[in-house]
Amino acid sequence: MTDSMLLVPHIRVQNANALSSPYTIGFPAMTAWLGAVHALQRMLNDMDYQVNFDGVGVVTHQFDLQTYKGPGDFEFSIIGTGNPLDKNGERPSFIEEARCHMDVSLVIQCEGIEKLREADILEQIGHCLNYKLKIAGGDILNFSSPTLYRDFQMLKPRLMPGYALIERRELMVEAMQQGQDAMDAMLDYLAIHHHCTKEIQDDEVKVTWTSERKVTGEDGRRGWIVPIATGFQGISEPGIAKNQRDPETPHRFAEAIVTLGEFKMAYKLERPDELFWHYHYDADNNLYCCRQMASDSQTLFSEDGF
């Protein structure tokens, strides 16, 4: 059980980065959420509050992906921003960026928050969220007051109605152990399969269509399965690159790691470790990723099919 859990409820974020990996669009990558909380911890540490944020849980209440599909369109299009005209009165060149607006609650596994300084720390957290912090590149519009909990069962009602993002990479592991390619294993769980049955009633043929996804639970249920970006895999040796941002830290090229996740109603969570994501470094496989301790397997999926 955790020492304490910090709840920051209903954070409204505008124009967050929805391009979570080179080939998926949707909910921001887990590295964005853990990175924002890590930045918040560093801000508090600079104020002499010796707190540690060890894990992060993300619960979404509303998600609005900025795309549009007009009448007769086959695909969705990205809704771009209206950039101001240049000095010649023409539209400047731009790169299309996938954006999203969302309402999320963050649950942070924390240590070091003393009872006597609790009110001061919560006030400083609110100050950082208001004036200093961004989440996934998006602006924080508002949020409800942060609160500390030490009982997970007391915390869960505050997360409803909402969906917690949990890791389901064991689905890909099982499929790959049965001989499927990594990409095929992922698409198999995301695809919607359509079936039809024909019946003859009163000399008329009745056709019934059904649509369903692959079963994801032992009880036969089909969860809300999505692709999620959970980190990076190094593809070059660490070294020094010309004009790199931090000249003191070794640089290496990396590619995105994508696996399967599931949005699950928060009241269905039984233990805190089902909710919290943590940083994980695997030196043998050059993996820098976010993972949940409740997940049994170590196998992840990257662009080259790892």
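The values are calculated or read from the model by the stated rules, or taken from the named source; none is laboratory data. This one's a predicted model, so the numbers in the text were calculated from it and none came from an experiment. Here the Cβ is made from the backbone with ideal geometry for all residues, glycine too, and neighbour counts use every protein chain on show.
Confirm whether S144 is more than 25 Å from the chain's Cα centre (by Cα), among the small types (G, A, S) and on the phi < 0 side of the Ramachandran plot. So S144 does not fit the description; no.
R42 fulfils the conditions (1) under 18 Å from L106 (Cβ atoms); (2) buried (at least 16 other Cβ atoms within 10 Å of the Cβ) except for a single criterion, (2).
Table: residues versus (1) exposed (fewer than 12 other Cβ atoms within 10 Å of the Cβ); (2) under 18 Å from F263 (Cβ atoms); (3) in contact with an Asp or Glu (Cβ under 8 Å, 6 or more places away or on another chain).
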| position | (1), (2), (3) |
| --- | --- |
| V173 | no, no, no |
| H194 | yes, no, no |
| D203 | yes, no, no |
| K206 | yes, no, yes |
| W209 | yes, no, no |
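With (1) under 28 Å from P28 (Cβ atoms); (2) over 19 Å from the mean Cα position of the chain (by Cα); (3) of a type in the set (D, E, K, R) as the list, and K198 as the residue in question, which single condition is left unmet? It fails just one condition, (1). For first residues located in the range 34-59 and closer than 20 Å to E274 by Cα, partners that are in a helix (DSSP H, G or I) and small (G, A, S) and lie 6+ apart or on another chain with Cβ distances below 7 Å form the pairs V59/A266. Taking the criterion of being among the aliphatic types (A, V, I, L, M) and exposed (fewer than 11 other Cβ atoms within 10 Å of the Cβ), the residues of the range 92-143 that qualify are I95, L116, A119. Among the residues making up the range 211-237, those that are surrounded by 13 or more Cβ atoms within 10 Å (Cβ to Cβ) and farther than 17 Å from M172 by Cα are F232, Q233, G234, I235. When each of I140, I121 is tested for being of a type in the set (V, I, T), closer than 21 Å to D64 by Cα and at pLDDT 90 or above, the lone residue that passes is I140.
When G89, G26 are checked against the criterion of being of a type outside the set (F, W, Y) and in contact with a Ser or Thr (Cβ under 8 Å, 6 or more places away or on another chain), G26 stands alone in meeting it. Taken across the range 153-168, residues that are in contact with a Ser or Thr (Cβ under 7 Å, 6 or more places away or on another chain) and modelled with pLDDT under 90 do not occur at all. Within the span defined as the range 162-176, one or more residues are free of Cβ contacts under 8 Å to residues at least 12 places away in the same chain and not aromatic (F, W, Y).
One residue stands out in the range 57-113 among those that are assigned to a loop (DSSP other than H, G, I, E, B) and hydroxyl-bearing (S, T, Y): the one that is farthest from M293 (Cα to Cα), namely S93.
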